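I have placed the structure first, in the form of structure tokens, so that the comments after it can refer back to it.
The values are calculated or read from the model by the stated rules, or taken from the named source; none is laboratory data. Predicted model, so just to flag it, every value in this text is computed and none were measured. A quick note on method: Cβ atoms are made from the backbone with ideal geometry, for glycine too, and the neighbour counts reach across all protein chains shown. Only protein heavy atoms, including side chains, enter the accessible area calculation; ligands, DNA and RNA are left aside. Shrake-Rupley method; radii C 1.70, N 1.55, O 1.52, S 1.80 Å.
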Amino acid sequence: MKTIPAPLLCFVCLGWIAPSSKADGPRVTPVAPQPALVLPLQPFHYTGSVGRTVAESDPPQFPRPVQPPAGAPNVVLILIDDAGYGQFGTFGGQVPTPALDRVARNGLRFTRFHTTALCSPTRAALLTGRNHHSCGTGVITEAASGYEGYTGILGKDTGTFAEVLRQHGYATGWFGKNHNTPDWETSAAGPFDRWPSGLGFDHFYGFMGGDADQWHPTLFENHQLVQSRPQAGQILTKDLVDRAIAWLRQVRSIDAEKPYLLYMATGATHAPHHVHPEFVAPFKGQFDDGWDVYRERTLERQKRLGVVPPETKLTTRPKELPAWSSLSPEQKRLFARMMEVFAGFTAETDHEIGRLLDLVESMPDAENTLVFYLVGDNGASAEGGLVGLLNENSFFNGVPETLEDNLKAIDELGGPKHFNHFPAGWAHAMNTPFQWTKQIASHLGGVRNPLAVSWPARIKDHGGVRGQFHHVIDLAPTILDACGLPFPTLLNGVAQKPVEGVSMLYAFDDARAPGRRRSQYFEMLSNRGFYRDGWWAAARTGIPWDTTSSPIDPDSTTWELYHLDADFSQATDLAARHPQKLRALQDEWWAAASRSNVLPLDGRKAERLSAEWQGRPSPGRNRTTFTYYPGTLAVPAGSAPPVLNKSFTVTAEIDTDGDGPADGAIWSLGGSDGGFGLYVHHGCPVFVGNFLNRSHTRVTSPDPLPLGTVVLRAEFLYDGGGFGKGGRLSLSVDGQRTGEERMSQTHATTLGLGGTLDIGADTGTAVDPVYDPPFHYGGKIRRVTVELRP
């Protein structure tokens, strides 16, 4: 990065008006803007002479609107969720991806680009240009543990490139997935300084958590809940692209010269794998040969496309995954269908991105627009386990699903009834030719992701391939380098941590240029890797679909060694041949871990999702009574009462109208993938417990509600004796018990990454499938009180 001499720190980018004769009117004297190492910029001060009257004063002066350096490009950043190297057709996958093809054909493909192996960490590193632990995001925000590298909080000392662009005159818009705001700060009560608006974006439309139901998402526009749903039957990605198109058109209609940053972070292709049937139909029968054959054919395609070297070897399937030939006919039928659905999901996602690119390319300044299309924040996800999932929340709660149950839903996959996920064998295949998957930062299947970049005004090697080793922390410096701007040393009054990324701009011009990233550490859930000058040391400790945890003994972990310059796919372990090289890389890993707040190592999974167990901050912490009023909607789990593994009561004071009791949700917590709810249906109150969408335990009053003021009391009496046990649901109306039912099992750790609490409605997905969300209550709610009884 270029450095700016200290004398340029004052009055940069503002410009000023040179004093002139008193007879002149106001005018602006253009001054070439200079990049600043301190933001915000110095305030404007009038430099003319002021007399007693206007007639005795110099002409008025106005501050020049803030602008970036001349020629700074527009920036479009597209980030796909949970996608592997061998998934998109542009990099050898079986799914045609013409939008990605277009970016690659007009620009470059980077074949040695890396992420962190998990969602929030990659996104934090992308925005800040620092390693994920350096900015407190060593794991997803819902699993923050409180150590410095794992708070889930992006510190003010790790500012984003978007904030720099915004303060230099860019319009900044973010569409889609956030997942970088602490879970306990995503409610309507804020604070909002770590929402996208506090991370450099003037406009946000999307979802706050780790995933979203594609058919029924809970969305926010800036700080407000979006209560009007997308068009019925519309997938989320289409809605996101529609909103992005509308935003960009509006920005350019108002100010045709204003540069823009458009960040499109789809929820796809993260579970749930939701897709319109017409995108699935073309793939029928295409995956019947299974994942082993898919990997072989994909590698052949990759070699033909030039995205892997000709000598690349296909890595061995992990022993923990079955061979396709060993599966039963029923397993093959289900798993092939799950892959067809996922392929359609991928195709539909790229199709929608193509619509966004159509608009970008139609703009008058399309030539000076820098587009990044990053396929994945980590490798494809194996969290679907060995038989796939109808409900991703089963994984988070450590509850296995069965082949028999999943087969029953084979014709419903991709639709709104399920939060489905494909089996781990297909995830491994999507990461061809590498080993392993998402979570496994020690191996390339978890961290090597395709990147295509286009910039017609700068990149002339159309369709070129770049093999320099780079990491997601390098994107922020690249963008600012392209814009002629440095990262500030002081941002919004806070001294900034050093940027750990390096610009990739040099590689845009020269395919043979020596790589400028010579080393990089990797760590996720105690899976470790270290790269130095073509060599990679790897230590895997976990299995992605296994939510159980054993204590980590870093001294007994087996390390592997790979020479990536000669072994692109990480196929040949050289640890026994080069023990000294391995030892040196291990030592470098520990040194980097110490510098970057990686320690202490922690391989726990499911239990870290419980805010209560981890002691994370929450508006409800140390409280046993919560009172809610009408209009309270979409309260995230991190701010809601922690009802799991304990008894609780819900008391609702309502008024029914003179025309009879109205239907609707009174209190709901969670969503279709699990939760509890109190609602009125056909005039009768119902208390429901939803266990992972497998069973719905309902207590229904036999009589309609009386007219007037009514007090409903729903009680859950937990069995105790451990986590995720059963309990008894009961319901009372005005003090009279109307029924009770037994719920045999409950969630142990979480109601899901997207479940919310609502009063007077059920936003997002429905806790109970007997009604359609948002199921607004038609009567009057005075208050709802939740009481916990640990």
Checklist (1) assigned to a loop (DSSP other than H, G, I, E, B); (2) open to solvent by 10 Å² or more (accessible area, probe 1.4 Å); (3) under 22 Å from Thr432 (Cα atoms) applied to Gly379, failing item: (2)
Selection from the stretch 344-371 of residues that are surrounded by fewer than 24 Cβ atoms within 10 Å (Cβ to Cβ) and either aromatic (Phe, Trp, Tyr) or without any contact (Cβ under 8 Å) to a residue 24 or more places away in the chain (or both): Asp358, Glu361, Ser362
Scan of the stretch 748-763 for residues that are more than 15 Å from Gly638 (Cβ to Cβ), small (Gly, Ala, Ser) and open to solvent by less than 10 Å² (accessible area, probe 1.4 Å), ordered by number: Ala761
Sole exception among (1) in a helix (DSSP H, G or I); (2) surrounded by fewer than 16 Cβ atoms within 10 Å (Cβ to Cβ); (3) under 30 Å from the mean Cα position of the chain (by Cα) for Ala584, by number: (3)
Pick from the stretch 521-563, criterion of a type in the set (Asp, Glu) and either open to solvent by less than 50 Å² (accessible area, probe 1.4 Å) or more than 18 Å from Asp573 (Cα to Cα) (or both), ranking: nearest to the chain's Cα centre (by Cα): Glu523
Qualifying position, being among the β-branched types (Val, Ile, Thr) and in a loop (DSSP other than H, G, I, E, B), among Val399, Val360: Val399
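Mind telling me which of the residues Leu100, Leu108, Leu37 ends up being crowded, with 18+ Cβ neighbours inside 10 Å and modelled with pLDDT under 95?
On the way: Leu100 fails: modelled with pLDDT under 95; Leu108 fails: modelled with pLDDT under 95.
Just a single option satisfies the conditions, and that option is Leu37.
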Enumeration of residues in the stretch 186-199 that are under 19 Å from Ala637 (Cα atoms) and either open to solvent by 10 Å² or more (accessible area, probe 1.4 Å) or out of contact with any Asp or Glu (no Cβ under 9 Å at 6 or more places or on another chain) (or both): Thr186, Ser187, Ala188, Ala189, Gly190, Pro191, Phe192, Arg194
Hey, Thr656 over 15 Å from Val786 (Cα atoms) and either in a strand (DSSP E or B) or open to solvent by 10 Å² or more (accessible area, probe 1.4 Å) (or both) or not: yes
Single residue of the stretch 614-633 satisfying the filter (over 30 Å from the mean Cα position of the chain (by Cα) and over 26 Å from Ser145 (Cβ atoms)) that is most open to solvent (accessible area, probe 1.4 Å): Tyr629
Any hit, the stretch 662-682, residues being surrounded by fewer than 22 Cβ atoms within 10 Å (Cβ to Cβ), out of contact with any Asp or Glu (no Cβ under 9 Å at 6 or more places or on another chain) and assigned to a strand (DSSP E or B): no
Which numbered condition Met504 misses (of (1) closer than 30 Å to Glu163 by Cβ; (2) open to solvent by 40 Å² or more (accessible area, probe 1.4 Å); (3) among the aliphatic types (A, V, I, L, M)): (2)
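For (1) touching a residue at least 24 places away in the same chain (Cβ under 8 Å); (2) small (Gly, Ala, Ser); (3) assigned to a loop (DSSP other than H, G, I, E, B); (4) closer than 18 Å to Ala611 by Cβ, each residue gets a yes or a no:
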| site | (1), (2), (3), (4) |
| --- | --- |
| Leu126 | yes, no, no, no |
| Gly138 | yes, yes, yes, yes |
| Gly146 | yes, yes, yes, yes |
| Gly149 | yes, yes, no, no |
| Ser187 | yes, yes, yes, yes |
Hits in the stretch 124-154 - residues which are farther than 28 Å from Gly71 by Cα, touching a helix residue (DSSP H, G or I) at 6+ places or on another chain (Cβ under 8 Å) and hydrophobic (A, V, I, L, M, F, W, C): Cys135, Val139, Ile140, Ala143, Ala144, Leu154
Filter result for the condition that a residue is touching a Lys or Arg at 6+ places or on another chain (Cβ under 8 Å), open to solvent by 10 Å² or more (accessible area, probe 1.4 Å) and over 24 Å from Val66 (Cβ atoms), over Asp242, Asp157, Asp202, Asp183: Asp183
Residue among Pro685, Pro636 that is open to solvent by less than 40 Å² (accessible area, probe 1.4 Å), within 23 Å of Gly136 (Cα to Cα) and either touching a helix residue (DSSP H, G or I) at 6+ places or on another chain (Cβ under 9 Å) or modelled with pLDDT of 95 or more (or both): Pro636
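Residue under question is Gly84, and the condition is that it be at pLDDT 85 or above, surrounded by fewer than 17 Cβ atoms within 10 Å (Cβ to Cβ), in a loop (DSSP other than H, G, I, E, B) and small (Gly, Ala, Ser); does it hold?
Against the criterion (at pLDDT 85 or above, surrounded by fewer than 17 Cβ atoms within 10 Å (Cβ to Cβ), in a loop (DSSP other than H, G, I, E, B) and small (Gly, Ala, Ser)), Gly84 does not qualify.
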Residue pairs meeting the criteria (Cβ under 6 Å; at least 6 apart or on separate chains; first assigned to a helix (DSSP H, G or I), in the stretch 588-615; second aliphatic (A, V, I, L, M)): Ala593/Leu599; Arg608/Ala143; Leu609/Ala143
Checklist (1) farther than 23 Å from Asp193 by Cα; (2) exposed (fewer than 15 other Cβ atoms within 10 Å of the Cβ); (3) in contact (Cβ under 8 Å) with a residue 12 or more places away in the chain applied to Val494, failing item: (1)
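Restricting to the stretch 245-264, and then to whatever is over 19 Å from the mean Cα position of the chain (by Cα) and among the aromatic types (Phe, Trp, Tyr), can you tell me which residue is least open to solvent (accessible area, probe 1.4 Å)? Can you show your working first?
Within the stretch 245-264, the subset over 19 Å from the mean Cα position of the chain (by Cα) is 245-260.
Then keep just the ones that are among the aromatic types (Phe, Trp, Tyr); that gives 247, 260.
Numbers: Trp247: 27, Tyr260: 0 Å².
Per the criteria, the residue is Tyr260.
I'd like to know if the stretch 598-612 contains one or more residues that are of a type outside the set (Gly, Ala, Ser), closer than 17 Å to Leu757 by Cα, open to solvent by 10 Å² or more (accessible area, probe 1.4 Å) and in contact with a Phe, Trp or Tyr (Cβ under 9 Å, 6 or more places away or on another chain).
The answer is no, given that none of the residues of the stretch 598-612 is of a type outside the set (Gly, Ala, Ser), closer than 17 Å to Leu757 by Cα, open to solvent by 10 Å² or more (accessible area, probe 1.4 Å) and in contact with a Phe, Trp or Tyr (Cβ under 9 Å, 6 or more places away or on another chain).
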Close pairs from the stretch 319-330: first assigned to a loop (DSSP other than H, G, I, E, B), partner among the aliphatic types (A, V, I, L, M) and open to solvent by less than 40 Å² (accessible area, probe 1.4 Å), Cβ under 7 Å, at least 6 apart: Leu321/Ala424
Check on Glu296, in a loop (DSSP other than H, G, I, E, B) and among the acidic types (Asp, Glu): no
Residue within the stretch 135-154 that is touching a Cys at 6+ places or on another chain (Cβ under 9 Å), surrounded by fewer than 24 Cβ atoms within 10 Å (Cβ to Cβ), over 18 Å from Val472 (Cα atoms) and at pLDDT 95 or above present: yes
